Amino acid sequence: MARYETRGGEESELVDKLVSINRVAKVVKGGRRFGFAAFVVVGDTKGRVGHGMGKAREVPEAIRKATEKAKRKMIRVPLREGRTLHHDVEGRFGAGRVVLRAAPPGTGIIAGGPMRAVFETVGVQDVVTKSIGTSNPYNMVKATFNALGKLMSPRAVAAKRGKKVAEILGRRDTPKE
């Protein structure tokens, strides 16, 4: 875990996960020149997460650049009880389509590699996901972020509709007739 300063001055613990690293070669007169592209997901395990890509001639420099970009592009994700999503949601990016489903306690993170990194860094403990259409890590992560951006907490829905949270959720303890 690395310590990072946030804009307000307070320190927060950010976890960064390397999703993928790609080596590319440029053929020049003397042979090949290698470059690296790193894709990183950064989160505080309390509902904030971001992703970034960095390119450089060396791997550590590419990872550093990707981490800096990810820290700048962080989003807040509303979580239910700090462990799962409020509702099922679908996200798309390019050919990538992901389905994210809320899960009961004890389920764990059931997700493929790139999506698992996102949920571990955002702080979700119980979720079931399915990636449809692509296995490209860039598109999977961007589709996941598209889905996470669509999530709304009951409080946000109530505020948007001008109702109370109890009206949105309904009475769970009374049997329906």
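Listed values, structure above:
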quantity: Verdict on Thr67 being touching a residue at least 40 places away in the same chain (Cβ under 8 Å), in the same structural domain as Ala156 (by TED's automatic domain parsing) and among the hydroxyl-bearing types (Ser, Thr, Tyr); calculated: no
quantity: When residues of region 140-158 are limited to those that are in a helix (DSSP H, G or I) and at pLDDT below 90, the one farthest from Gly50 (Cα to Cα); calculated: Ala158
quantity: Qualifying residue in region 14-24 (condition: loosely packed, with under 15 Cβ neighbours inside 10 Å, in a loop (DSSP other than H, G, I, E, B) and either charged (D, E, K, R) or touching a residue at least 40 places away in the same chain (Cβ under 8 Å) (or both)); calculated: no
quantity: Any hit, region 129-139, residues being under 25 Å from Pro105 (Cα atoms) and not in a strand (DSSP E or B); calculated: no
quantity: Residue check for Glu90: acidic (Asp, Glu) and not assigned by TED's automatic domain parsing to the domain that holds Ala56; calculated: yes
quantity: Subset of region 76-85 [surrounded by 15 or more Cβ atoms within 10 Å (Cβ to Cβ) and over 15 Å from the mean Cα position of the chain (by Cα)]; calculated: Arg80
quantity: Top-ranked residue of region 28-83 - restricted to ones that are assigned to a strand (DSSP E or B) and among the β-branched types (Val, Ile, Thr), ranked as farthest from Thr121 (Cα to Cα); calculated: Val28
quantity: Breaking point among (1) crowded, with 19+ Cβ neighbours inside 10 Å; (2) modelled with pLDDT of 95 or more, for Lys65; calculated: (1)
quantity: Only listed residue being of a type in the set (S, T, N, Q), surrounded by 18 or more Cβ atoms within 10 Å (Cβ to Cβ) and either at pLDDT below 95 or within 21 Å of Ser135 (Cα to Cα) (or both), chosen from Thr45, Thr6; calculated: Thr45
quantity: Test: Val118 is assigned to a strand (DSSP E or B) and touching a residue at least 40 places away in the same chain (Cβ under 8 Å); calculated: no
quantity: Pair list, Cβ < 9 Å and 6+ apart or interchain, from region 133-154 residues that are at positive phi and in the same structural domain as Gly113 (by TED's automatic domain parsing) to residues that are hydrophobic (A, V, I, L, M, F, W, C) and in a loop (DSSP other than H, G, I, E, B); calculated: Gly133/Ala95
quantity: Lone qualifier among Glu90, Glu61 - being within 23 Å of Val24 (Cα to Cα) and among the acidic types (Asp, Glu); calculated: Glu61
quantity: Those residues of region 19-47 which are within 19 Å of Ala143 (Cβ to Cβ) and either in the same structural domain as Lys142 (by TED's automatic domain parsing) or under 13 Å from the mean Cα position of the chain (by Cα) (or both), in sequence order; calculated: Val19, Phe39, Val40, Val41, Val42, Gly43
quantity: Counted residues, region 109-134 - those being within 16 Å of Ile21 (Cα to Cα) and modelled with pLDDT under 90; calculated: 1
quantity: Residue match in region 87-99 (condition: under 21 Å from Asp44 (Cα atoms) and under 17 Å from the mean Cα position of the chain (by Cα)); calculated: no
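The values are calculated or read from the model by the stated rules, or taken from the named source; none is laboratory data. This structure is a prediction, so every number in the text was calculated from the model and none was measured. Heads up, the Cβs are rebuilt from the backbone with ideal geometry, glycines too, and the neighbour counts pull from every protein chain shown.
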